[in-house]
1. Enumerate the pairs (first residue in region B:9-26 and facing chain A (nearest Cβ under 8 Å); second residue anywhere and of a type in the set (Asp, Glu)) with beta-carbon separation below 7 Å, excluding pairs fewer than 6 apart on the same chain, so at least 6 apart or on different chains.
2. Restricting to region A:153-176, what's the tally of residues that are facing chain B (nearest Cβ under 10 Å), hydrophobic (A, V, I, L, M, F, W, C) and touching a helix residue (DSSP H, G or I) at 6+ places or on another chain (Cβ under 6 Å)?
3. Under the condition of being of a type in the set (Gly, Ala, Ser) and over 12 Å from the mean Cα position of the chain (by Cα), which residue from region B:101-124 is farthest from residue A:107 (Cα to Cα)?
4. Restricting to region B:159-180, name every residue that is surrounded by fewer than 23 Cβ atoms within 10 Å (Cβ to Cβ) and either under 16 Å from residue B:143 (Cα atoms) or more than 21 Å from the chain's Cα centre (by Cα) (or both).
5. For region A:82-100, give me each residue that is within 7 Å of chain B (Cβ to nearest Cβ), more than 12 Å from the chain's Cα centre (by Cα) and at pLDDT 85 or above.
6. Which ones in region A:177-193 are more than 8 Å from chain B (Cβ to nearest Cβ) and in contact (Cβ under 8 Å) with a residue 40 or more places away in the chain?
7. I'm trying to understand the selection: among the residues of region B:199-212, which are at pLDDT below 85 and touching a Lys or Arg at 6+ places or on another chain (Cβ under 9 Å)?
8. Restricting to region B:32-52, count the residues that are exposed (fewer than 13 other Cβ atoms within 10 Å of the Cβ), at pLDDT below 95 and not hydroxyl-bearing (Ser, Thr, Tyr).
2 protein chains.
Amino acid sequence: MTDYQRDLIPEPALRRLPWYLAYVSLLRERGDEFVSSTQISRELKVDASQIAKDLSFLDIRGKTRIGYEVPLLEHKLEEFLGFRRSHRAVVVGAGSLGGALMQDAGLSRYGLNIVAAFDTNPELAGTSCRGIPVYPASELTRRVREAGAKVGIITVPVEHAQSAADLLVAAGVKALWNFTPFRLSAPEGVVITNTSIYAHLAVMYNRMEFNG
Amino acid sequence: MTDYQRDLIPEPALRRLPWYLAYVSLLRERGDEFVSSTQISRELKVDASQIAKDLSFLDIRGKTRIGYEVPLLEHKLEEFLGFRRSHRAVVVGAGSLGGALMQDAGLSRYGLNIVAAFDTNPELAGTSCRGIPVYPASELTRRVREAGAKVGIITVPVEHAQSAADLLVAAGVKALWNFTPFRLSAPEGVVITNTSIYAHLAVMYNRMEFNG
């Protein structure tokens with residue numbers, strides 16, 4: 001761990017970095033050597049000074065008039081975003097959404113290594129999905145501890161979200177990725193990330209309505 | 001369309017409504033008849049006056065001292081959020097994430113009716129997933145028009161995100177649900193909703209790092 005990662009980057013900046021990464025990866029694929037914040041700005045419609053400020057959280061310097069080295073910037077962005085490390089994770093609730101996440105090979109490219117899933121449905125326990133085993137919920141505590149999983153992905157029905165979170169935290173998980181619309185509580189020091197895709201749908205429908 | 005829906009609800013309020021819905025659905029399942037904003041406030045840790053203000057966008061009145069009728073509040077929330085209507089959608093990019101969304105039966109409960117998917121991979125075209133057919137990308141324009149699909153779900157590799165968006169808009173789609181980290185452009189009147197789950201991962205990793 002280097003010192004520059006210890007500055008708490010504001011969340012809006014952190015959320016823009018993956019945009020830059022996506023664009024820089026495109027440039028690397030087409031063989032570009034350098035990119036300036038002005039060029040990123042034109043492409044992504046983000047203010048150039050904002051981009052320079054966001055990138056100042058990374059351990060990289062652009063060269064005057066030339067900009068950043070494309071492969072190095074891609075590497076530094078991936079590193080800073082945590083995509084180059086492997087984070088062991090478990091899925092709780094291997095139903096439709098949980099199963100879908102297990103199907104998504106893309107997650108492993110972003111540093112998420114799903115090692116196991118759990119479900120109360122006896123028909124699911126004992127199955128596997130892309131090599132990820134599904135265990136009965138009763139084995140959660142033991143298996144999370146054994147695997148040293150630090151991320152718990154919660155895709156259970158909403159009424160079981162908090163109890164799943166409590167079990168995961170007791171088993172040593174340090175981050176909860178909550179896909180339910182339930183507002184979880186967790187002890188201090190446990191990160192909660194909410195990805196309620198259904199809430200995004202609501203926003204989309206509402207804006208469509210408004211556009212007539 | 002009733003008049004109250006014509007007030008543009010602020011996005012933060014709109015994003016809180018699904019939390020209330022999740023809680024109210026729990027109450028309905030366990031047979032509760034009434035719920036007050038104070039009770040919702042205690043459970044979800046949102047200020048009670050904020051809740052009352054958020055719910056004022058709905059066509060529903062709470063009764064003094066008793067609160068809201070649970071089944072009615074659930075119905076009005078679902079209606080307001082667009083979950084009780086069916087929105088025809090297509091998936092562009094039937095790879096891992098696109099396939100995962102097609103697997104997710106949950107989306108249909110939130111008003112999203114995926115009628116078709118498209119992929120440039122000739123091995124995927126001709127297959128189907130949960131009854132949803134996958135067509136060659138060359139048939140996109142014709143099939144989106146025929147189906148009258150209004151929502152385009154973009155799960156292609158990032159370098160094809162903008163061209164997929166352009167095709168969808170030309171075919172009459174009114175909303176783009178973008179799962180890539182690419183910043184799409186679209187003509188005015190087209191809603192863009194970004195759900196970059198990988199960006200959420202970056203935020204989570206960063207916060208874990210900080211907690212040590």
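1. If the second residue must be of a type in the set (Asp, Glu), the pairs left are B:17/B:54; B:21/B:74; B:21/B:78; B:23/B:43; B:25/B:74; B:26/A:159.
2. 3
3. B:116
4. Answer for region B:159-180, where residues must be surrounded by fewer than 23 Cβ atoms within 10 Å (Cβ to Cβ) and either under 16 Å from residue B:143 (Cα atoms) or more than 21 Å from the chain's Cα centre (by Cα) (or both): B:159, B:160, B:163, B:166, B:167, B:169, B:170, B:171, B:172, B:174.
5. A:99
6. Answer for region A:177-193, where residues must be more than 8 Å from chain B (Cβ to nearest Cβ) and in contact (Cβ under 8 Å) with a residue 40 or more places away in the chain: just A:179.
7. Of everything in region B:199-212, those that are at pLDDT below 85 and touching a Lys or Arg at 6+ places or on another chain (Cβ under 9 Å) turn out to be B:209, B:210, B:211.
8. Here the count works out to 3.
The values are calculated or read from the model by the stated rules, or taken from the named source; none is laboratory data. Note that the structure is a prediction, hence the values are computed from the model and not measured. Please note: Cβ atoms are built from the backbone with ideal geometry, for glycine as well, and neighbour counts cover all protein chains shown.
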